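In what follows, a structure is listed as structure tokens, so that the remarks can point back to it.
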Amino acid sequence: MPTTVELFGGTMMSPVPNPYPVYKRLRDEWPVALVDGIFGQHYLVTRYEDALAVLRDAERFSSRANARGIGLVFGRTILEMDGIEHIRHRRLITPALTPRALTSGDLPAAIRATAHDLVDRFVDRGHAELVEEFTFLFPIRVFTKQFLQLPEDDAKQFHFWALDLISIADDPPRAFAAAQAIVEYLKPVLARRRENPGEDLISLLATARVEGEQLTDDEILSFCRLLVPAGAETTYRLLGSALFALLTHPEVLNAVRADGRLLDRVVEETLRWESPVQYVTRETTVDTEVGGTKIARNMLVSVALGSANRDERRYPEPDRFDIHRDFEGHVAFGFGRHYCAGSHLGRLEARIALEVLLERLPDLVRDPSFEDQIVGLAFRSPNALHVRYRTTKMV
Ligand code: HEM
């Protein structure tokens, strides 16, 4: 039985440049592979149809699997809940995240203003490193400020905690320290919001009732601890990969400059082509099978979303970035009951950020003296984005 290291030459958080040839071999030769991972043996599902079969069947493939991994630092959250408990908790936040709720108020303008603020800092320089100076900072600022109503200066710290949290498989002590730090930070905030609720997500959770009962402090803190990486870590990666795609496909960049409506297609094809979240995991509740492979009860089953999205059985020439293809049905946001609760927000933020960057940075090109690339195994995005552009400053 191979290990993840043998398959990809790294751990879950290592900067693996290109896992896709391995996925292709697995899809062709061993589509439901038994591998040794950090949390023990698990099955790795790499074909699109098999991915859907697992994710659509929450009875046989339970999300309680997440309690063994990411749940160790997030605490008990909707990610690991099943059945009615999951529905009740999910209902608390989804109304705040519908397309209507997101676009009917002044949120789009606030998101745009955040993007402009960040660009102001480097627009006159003629060159920038957009991961460090923009993509890393932007979604966490939007989330902590607009959704949690925390001071802007704390946003960067939150992103480092979020990164530490999701490194649980590689560095558990660091992940636990971050989990504790977030709790210490948020406890007094929660106490104040219970006393004096506002319009933010923490107040919403503090005043919500599930089955007539208020959520406990622990439940709310766990929810927030999930939302920080879920809301920022993922979108930052999507945005970085979308920029990378534009910079490495100048014909697409030109087409988008001529017709801004194509940006929606850029975002969607990026989600398929370089899915920011590469795995979701389930646990079998009964002896079962996937794609003809028998799987015993209580086994972990990891669905490789990035591989499913590049399955040639579903997407012809899957490695090609093509904004005119039929990308419908990609599983970058998962599928089924746990389908990403923040998909509309992620798309909206990415789209607005791209609009602002293209508007403010004329003649944007990659700086060829750097070899920036998209890397990662569990999560993927560019390691850096060195760019040059024309400055419009009068001298
Ligand atoms: C744009 C990039 C994003 C990507 C690629 C992404 C990806 C995913 C995926 C794959 C899942 C499914 C997990 C599973 O099935 O076990 C998920 C769930 C979730 N996402 Fe996102 N996400 C993104 C943005 C966001 C944002 C902006 C939020 C903000 C609120 C968010 C909140 C959540 C929540 C709360 C869940 C859990 C849903 C449930 O268990 O019912 N995500 N996300």
Tally of Lys pairs whose C-alpha atoms are under 29 Å apart, taken over the chain, 8 or more apart or cross-chain: 5
Long-range HN-HN contacts of residue 381 with modeled amide H, under 5 Å: 375
Cα point-scatterer Debye curve for segment 227-380, base-10 log of I(q)/I(0) at q = 0.09, 0.15 Å⁻¹: -0.33, -0.83
Cα-based convex hull volume of segment 149-266 per residue, rounded to whole Å³: 163 Å³
Quotient of Cα Rg and 2.2 N^0.38 Å for segment 241-316, N being how many residues it contains: 1.56
Within the chain, helix-based [θ] at 222 nm, where runs of 4 or more DSSP H residues each add -39,500 (n - 2.57), nearest 500: -13000 deg cm²/dmol
Relative contact order for segment 326-388, counting Cα pairs under 8 Å that sit 6 or more residues apart, in percent: 22 percent
Carbon + sulfur, % of accessible area of the chain - ligands and nucleic acids excluded, 1.4 Å: 52 percent
DSSP H segments from the chain that extend 24 Å or more along their own axis, Cα-based, with Kyte-Doolittle mean of 0.0 or above: 343-360
Difference of contour (0.36 nm per residue) and Cα-Cα distance, residue 199 to residue 313: 36.4 nm
Cα gyration tensor shape of the chain, rounded if a/c is under 1.5, else prolate or oblate by comparing a/b with b/c: oblate
Calculated P(r) of segment 12-82 - Cα pairs past 17 Å, %: 58 percent
Label point distance in nm, residue 154-residue 355, each placed 7 Å from Cα along Cα→Cβ: 3.0 nm
Theoretical gain in end-to-end length, residue 68 to residue 296 [0.36 nm per residue, Cα-Cα removed]: 80.3 nm
Segment 4-388: relative contact order as a whole-number percent, Cα under 8 Å and 6+ apart: 27 percent
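The values are calculated or read from the model by the stated rules, or taken from the named source; none is laboratory data. Keep in mind the model is a prediction, meaning the values are calculated, not measured. Reconstructed Cβ throughout: ideal geometry from the backbone, glycine too, with neighbour counts over all protein chains shown. The protein model used for the area step is the full one, side chains on, heavy atoms only, and it has no ligands, DNA or RNA in it. Shrake-Rupley method; radii C 1.70, N 1.55, O 1.52, S 1.80 Å.
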